[in-house]
Amino acid sequence: MKKYKVGAYIRLSKEEYSDNKESNSIVNQKQIITEYIKNTDGLVLVDYYIDDGYSGTNFNRPAFEKLLKDITNGKINTIIVKDLSRLGRNHIEVDNYLENIFPIMNVRFISIIENIDSYENPESLDNYIVPIKNLMNDAYAKDISKKVKSVLKSKKINGEFVGAFAPYGYKKSLDDNHKFVKDMEASYYVLLIFNGTLKGETSGEIANELNKRNVLTPEMHIREKILGKSSDDINERWNAKMVTRILKNKTYIGDLIQGRKKVESYRNHKLIDTNEEEWIIIKNHHEPIISEEKFNKVQEIIENNNARINKDGKVDLFYGYLKCGDCGSKFKKSGEYYYCESYARYKKCTRHSINRNKLIRKVEENIKKQNKNIKELDRKVLFQLIDNIIIFDNGNIEINYKNKGSGINE
């Protein structure tokens, strides 16, 4: 008698686990399959392939992928499942495996509950019940997906946080895991990031400073501080995008923001971005790390900085500070000169051109006349001291200092 090397495939989704469906439990599936093999001649159990907590709507499951690999390597040649829903709940994919993939791989397929056996009873796969059962399993997955989405949306509207981990800077409250409390270490660095930006530092400069201090990135912070796992094998470092992501997150003014991403479909679990109108925002959900006023100021700085980046990746020194003395337009840079934007675009004004190095000298001299000591003129200095610099057609400048009114007209 031919011996069939069996791979027992077992699957349980998170939704079924939470619903305490004992009939589909891992233990229950094991018992049914083990008993079936014991009472069926020619079947030899090689291994169990268990996907615990994986949806049946797609086949990107580690144990199932290992099962297919073992078939290719000749380790097994038979698959047994408790019922068709354990194989999957996407009727298109399940039908494809039953009708095309498994036959091509010369695999015997057995589903106990539906009494399907592609070797002993090939006609069992042609039974009209099979496609109907697959459609029903698919419909069940779709229905469960809708119910889960509805429950989660209700929780979000009620101000309950449904994520696995609190945003960087916070941790879940021990009294209520839907609420946040400050993570003292991480919140210190969130504050450092915002304050650095308010001082005129770029996101790249802040990232470099965090790396110099060996500060854990948000992901590594979760691994080490919350999950207690080692990050020795991960060489992740702060970068400008990480910093900017924190700077744009309204979580830090005390708002709970959920629904920024959603699952594309119940079959495809890919996360996609949602429109801002779809976000669910709960005001004053937790203690803020930064004031709303400072947060809004930081958004202005980010918008200003992102608008003009040089080839070296840095923000132009004077971008956002220069204004035309005649029409009030902003200035744009071309080569080593700044020009009135209204003239450059529409020829509605005069050039008002001024050489960059000449402008630097004039601004430095002006600042010194205000009894301000600076080592080097950079955007930090401009941010701390100056509101704007007005350029006149004759090349003279007028500087408006913060909280001081106009400076010296040159």
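The values are calculated or read from the model by the stated rules, or taken from the named source; none is laboratory data. Just so it is clear, the model here is predicted, and its values are computed rather than measured. Backbone-built Cβ (ideal geometry, glycine too); neighbour counts: all protein chains shown.
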Original post:
If you go through region 222-248 one residue at a time, how many are touching a residue at least 24 places away in the same chain (Cβ under 8 Å) and either of a type in the set (A, V, I, L, M) or in contact with a helix residue (DSSP H, G or I) (Cβ under 6 Å, 6 or more places away or on another chain) (or both)?
Top reply: 11
Original post:
of a type in the set (A, V, I, L, M), in a loop (DSSP other than H, G, I, E, B) and either without any contact (Cβ under 8 Å) to a residue 12 or more places away in the chain or surrounded by 20 or more Cβ atoms within 10 Å (Cβ to Cβ) (or both), is that true of Ile110?
Top reply: no
Original post:
Taking into account only those residues within region 88-105 that are among the charged types (D, E, K, R) and part of a helix (DSSP H, G or I), which is nearest to Ile50 (Cα to Cα)?
Top reply: Glu93
**OP:** For residues that are hydroxyl-bearing (Ser, Thr, Tyr) and either part of a helix (DSSP H, G or I) or surrounded by 21 or more Cβ atoms within 10 Å (Cβ to Cβ) (or both), scanning just region 5-33, find the one that is modelled with the lowest pLDDT.
**Re:** Ser18
Original post:
Which number in (1) at pLDDT below 85; (2) within 22 Å of Lys261 (Cβ to Cβ); (3) in contact with a strand residue (DSSP E or B) (Cβ under 7 Å, 6 or more places away or on another chain); (4) of a type outside the set (A, V, I, L, M, F, W, C) marks the one condition that Lys171 misses?
Top reply: (1)
Original post:
Residues of region 371-386 being under 26 Å from Ser329 (Cβ atoms), modelled with pLDDT under 85 and not aromatic (Phe, Trp, Tyr), which ones?
Top reply: Asp378, Arg379, Lys380, Val381, Leu382, Gln384
**OP:** Check region 223-231 and report whether any residue there is within 26 Å of Asn296 (Cα to Cα) and assigned to a helix (DSSP H, G or I).
**Re:** no
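Quick grid of which residues meet (1) more than 43 Å from the chain's Cα centre (by Cα); (2) without any contact (Cβ under 8 Å) to a residue 24 or more places away in the chain; (3) not in a loop (DSSP other than H, G, I, E, B):
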| residue | (1), (2), (3) |
| --- | --- |
| Tyr338 | no, no, yes |
| Ser342 | no, yes, yes |
| Arg345 | no, yes, yes |
| Val363 | no, no, yes |
| Asn366 | yes, no, yes |
| Lys372 | yes, yes, no |
| Leu382 | no, no, yes |
Original post:
Can Lys69 be described as surrounded by fewer than 19 Cβ atoms within 10 Å (Cβ to Cβ), over 34 Å from the mean Cα position of the chain (by Cα), at pLDDT 90 or above and not in a strand (DSSP E or B)?
Top reply: no
Original post:
Given the structure, is Arg356 free of Cβ contacts under 8 Å to residues at least 60 places away in the same chain, farther than 25 Å from Ser203 by Cβ and charged (D, E, K, R)?
Top reply: no
Original post:
Out of all the residues in region 314-336, which are assigned to a strand (DSSP E or B) and within 20 Å of Glu303 (Cα to Cα)?
Top reply: Val315, Leu322, Lys323, Lys330, Phe331, Lys332, Lys333
Original post:
Of these, Lys199, Lys225, which one is surrounded by fewer than 17 Cβ atoms within 10 Å (Cβ to Cβ), of a type in the set (D, E, K, R), touching a strand residue (DSSP E or B) at 6+ places or on another chain (Cβ under 9 Å) and modelled with pLDDT under 95?
Top reply: Lys225
**OP:** Kindly list the number of the only condition in (1) within 37 Å of the chain's Cα centre (by Cα); (2) at pLDDT 90 or above that fails for Val46.
**Re:** (1)
**OP:** For region 31-72, name all the residues that are touching a residue at least 24 places away in the same chain (Cβ under 8 Å) and β-branched (Val, Ile, Thr).
**Re:** Ile32, Ile33, Thr34, Ile37, Val44, Val46, Ile50, Thr57, Ile71, Thr72
